[in-house]
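Asker: Structure below; questions to follow.
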Amino acid sequence: MNNVLLVIFAFIAVAGAAGTAVQKNPYDKLISLGMLFAGVIPFIIESGYFDVAIALSLIIPMTTIIMLQAVWRCRR
């Protein structure tokens, strides 16, 4: 992988992790968690774990939708 892309994806992952730790609003935490996963997926693909990357690409959006519904119900 290109070194510039490596740095960009690492920055996205670190920004997502820091945002998840700092945010208080549950919606913002989910957005930051999505950034974290978006930064980590290219590293999984580069390692050659395509099956894991495909599984995560299917599981992460579904769990995000479920978590958004759970947060929405609790905040009403």
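Asker: Filter the range 43-67 for residues that are within 15 Å of the chain's Cα centre (by Cα) and either closer than 23 Å to Phe11 by Cβ or of a type in the set (Ser, Thr, Tyr) (or both) and give the result.
Answerer: Correct list: Phe43, Ile44, Ile45, Val52, Ala53, Leu56, Ser57, Ile60, Pro61, Thr63, Thr64.
Asker: Considering only residues that are closer than 25 Å to Arg75 by Cα, touching a residue at least 24 places away in the same chain (Cβ under 8 Å) and open to solvent by 50 Å² or more (accessible area, probe 1.4 Å), which ones fall in the range 1-32?
Answerer: Tyr27
Asker: Continuing with the same structure: Tell me whether the range 37-46 contains one or more residues that are within 16 Å of Pro61 (Cα to Cα) and among the acidic types (Asp, Glu).
Answerer: Looking for residues that are within 16 Å of Pro61 (Cα to Cα) and among the acidic types (Asp, Glu), one finds none in the range 37-46, hence no.
Asker: Can I ask one more? Take the residues in the range 54-76 that are polar (S, T, N, Q) and open to solvent by less than 70 Å² (accessible area, probe 1.4 Å), then tell me which one is modelled with the lowest pLDDT.
Answerer: Across the range 54-76, the extreme among qualifying residues is Thr64.
Asker: Would you tally the residues in the range 33-53 being loosely packed, with under 13 Cβ neighbours inside 10 Å and of a type in the set (Val, Ile, Thr)? First the steps, then the outcome.
Answerer: Narrowing the range 33-53 to residues loosely packed, with under 13 Cβ neighbours inside 10 Å: 47-48, 50-51.
Restricting the remaining residues to those that are of a type in the set (Val, Ile, Thr) gives none.
Within the range 33-53, residues that are loosely packed, with under 13 Cβ neighbours inside 10 Å and of a type in the set (Val, Ile, Thr) number 0.
The values are calculated or read from the model by the stated rules, or taken from the named source; none is laboratory data. The structure displayed is predicted, hence computed values, not measured ones. Cβ: placed from backbone, ideal geometry, glycine included. Neighbour counts: every protein chain shown. SASA here: full protein model, heavy atoms, side chains in, ligands and nucleic acids out. Shrake-Rupley method; radii C 1.70, N 1.55, O 1.52, S 1.80 Å.
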